[in-house]
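Here the structure is laid out as structure tokens; the discussion comes afterwards.
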Protein chains: 2
Amino acid sequence: MSGKRASEADPARSLALLWGSHSRPGRSGLTVRAIVEAAIGIADADGLDAVSMRRVAERLGVGTMSLYTHVPGKAELTDLMVDTAYGRLYDDVDAPSAQPGGWRGGMEFVAARNRDLYRRHPWMLQVPGGRPALGPNASLKYEAELRPLDGVGLSDVEMDSVLALVLTHVEGTARLGAGMARAQRDSGMSETEWWTVNAPLLDKVMDASRFPVASRVGEAAGREHQGAADPAHALAFGLARILDGVAALIAGR
Amino acid sequence: MSGKRASEADPARSLALLWGSHSRPGRSGLTVRAIVEAAIGIADADGLDAVSMRRVAERLGVGTMSLYTHVPGKAELTDLMVDTAYGRLYDDVDAPSAQPGGWRGGMEFVAARNRDLYRRHPWMLQVPGGRPALGPNASLKYEAELRPLDGVGLSDVEMDSVLALVLTHVEGTARLGAGMARAQRDSGMSETEWWTVNAPLLDKVMDASRFPVASRVGEAAGREHQGAADPAHALAFGLARILDGVAALIAGR
DNA sequence: CGTCGTACCGTACGTAGTACGAAAAGGCTA
DNA sequence: TAGCCTTTTCGTACTACGTACGGTACGACG
């Protein structure tokens, strides 16, 4: 009955857990790291909704409530999952600033890596937003991703804005892709199958003459993408426009 | 125990409900429209998570299970909520294609209207993705938003791509804003308050010298935006870049 | 060997979606 | 009016969730 929403983690607890050297195994071998790893495994396989405290505990062979000895609650566990997932984004040798193609090549690399991240961990798109948990890996990520933009003629504020723009775009298109993948899993039908089944139903119910542009464009796009949308194309097309726009901003100096 | 995920609606049932003239009041006056309106009212006030079948029924003064006579389940109800919310986006007189400033003005109008939509109905950002439910209002929206791009030198596929890019950007920045608003509500602290409280804690735990660019840029951005991020600025900045990029694409013809 | 701090976890409460089947209210024909 | 039938309404119950609470048992230390 306390005023605490399950969706909002205690920031201080999260921060301590995130940055602290949490490694005292306890007597059953239970560790924060093990809990987080188990949760990520479940989320990778079955989505964030499938991550229940019961199921995490079961996977670790411990009682459900034992988890609470190491982790304050599910919200903080989610924070830990996110920062851990950020952990393997960039190696030292493989930094965005080490990519060819200048700032543009760097941003393309950032976009590709983040796309891969969301592909591997689609559950990250389901994490409830709010104040982002500034863990060590998130900080490392921010640093690495800003570097290609440093010294190219953008102000500090603009550097932040450009990176945010790119990341928002990648997240948006990844969300599209994850949604399509989930729809495919849940319905058991591929995108094309679904449309061939449901198109007649839609035709019967909607009068295409009321939507002349929409039906023309929608059909063209559907044919091109073999479905309602194509996340890979959306990512590439949008990123090209965005980086062109950023180039124009830089050139305008 | 059936194989149906609660997150995936039956498309045929949704389509029939969406397009059908569902208006047989039943003997308690219960209507699909009334159910949807009640659900939207709850979602507007307390978020999508607060929309439970029990609470919707309570608001309407009927038994919980009576809802299932009119609506197959919660997933389909969500589809109906979304299409209904789309309903009041554009009046006939107020269409994007009637805006000044050509295609660019039209897209800026589309962006502003969608931003307002997400501001009024933040729960739309929590709707689980998947195959979008093609209701009448979604179709109208697609038609209205494509029109400013018609005949400006883009191919049909490019028209779809540009619109998707703009809408993805608006959704992404709206998500940022909704997250910040929710964090503020849950924590009871404004953005500046939160950072003044938690900055010392972060300083203690992270070594700023390991993140030279990040700490410099982050501090500049934080000062500029009076917080970790500024959704309004992110929307405007990103939209300007995107439309510059689209202009370059058109000019390249 | 006794004591204590901590890790562990069984039970229980309140929340959710919805399956099932009973009950009740009209609408119809005879 | 009586009887029946279709449809709407909804009480109960099942599973699954996060986690508060309180008991138990292990390992270290005196």
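Over the stretch B:11-87, what is the mean sequence separation of C-alpha contacts under 8 Å (at least six apart), divided by residue count, expressed as relative contact order in percent?
With pairs under 8 Å counted, the relative contact order is 33 percent.
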Open item on the list: Need one number: nm distance between label points at B:R27 and A:D207, each 7 Å from Cα along Cα→Cβ, rounded to one decimal.
Closed with: 3.7
Task: Computed magnitude of the charge dipole of the protein assembly as shown (debye, nearest 20; Cβ of K, R +1, Cβ of D, E -1) - done: 1280
- [ ] Can you grab the distance from the C-alpha centre of the stretch B:197-253 to the C-alpha centre of the stretch A:215-253, Å, no decimals?
- [x] 23
Open item on the list: How large is the accessible surface of A:K74 in square angstrom, using a 1.4 angstrom probe and rounding to the nearest 10?
Closed with: 90
TODO: Net charge near B:S66: determine it from the other residues with C-beta under 13 Å of the C-beta of B:S66, scoring Lys and Arg +1 and Asp and Glu -1.
DONE: +2
Open item on the list: Only Cα pairs within less than 10 Å get springs; with that Gaussian network setup on chain A, which residue of A:L18, A:L201, A:L30 has the largest fluctuation?
Closed with: A:L201
Task: GNM top mover of A:A111, A:A12, A:A98 - chain A, alpha-carbon springs below 10 Å - done: A:A12
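Taking R0 as 35 Å, what FRET efficiency do you get between A:R13 and B:D10 from their Cβ-Cβ distance, rounded to the nearest 0.05?
0.25
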Task: Mean-position separation - Cα centroids, the stretch B:35-77 and the stretch B:165-194, in angstrom - done: 26
Open item on the list: At 20 °C and a viscosity of 1.002 mPa s, what translational diffusion coefficient does Stokes-Einstein give for the stretch A:100-253, taking Rh as the Kirkwood radius over Cα pairs? Give it in µm²/s as a whole number.
Closed with: 119
- [ ] Report the label-to-label distance for B:A236 and B:R253 in nanometres (one decimal), using points 7 Å from each Cα along the Cα→Cβ vector.
- [x] 3.0
Task: Point-charge dipole on Cβ atoms (K/R +1, D/E -1) for the stretch A:11-87, about Cα centre, debye to 20 - done: 360
Open item on the list: Which residue fluctuates most in the GNM of chain A (Cα springs below 10 Å): A:V205, A:V36, A:V166?
Closed with: A:V205
Task: Gain in span if fully extended, B:R88 to B:A112, counting 0.36 nm per residue against the direct Cα distance - done: 7.2 nm
Open item on the list: Given points 7 Å out from each Cα along the Cα-Cβ axis, report the B:W195 to B:S66 separation in nanometres with one decimal.
Closed with: 5.1
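The values are calculated or read from the model by the stated rules, or taken from the named source; none is laboratory data. Treat the numbers as computed from the prediction; the structure is a model and nothing was measured. Heads up, the Cβs are rebuilt from the backbone with ideal geometry, glycines too, and the neighbour counts pull from every protein chain shown. Heads up: the accessible areas ignore ligands, DNA and RNA and are worked out on the full protein's heavy atoms, side chains in. Shrake-Rupley method; radii C 1.70, N 1.55, O 1.52, S 1.80 Å.
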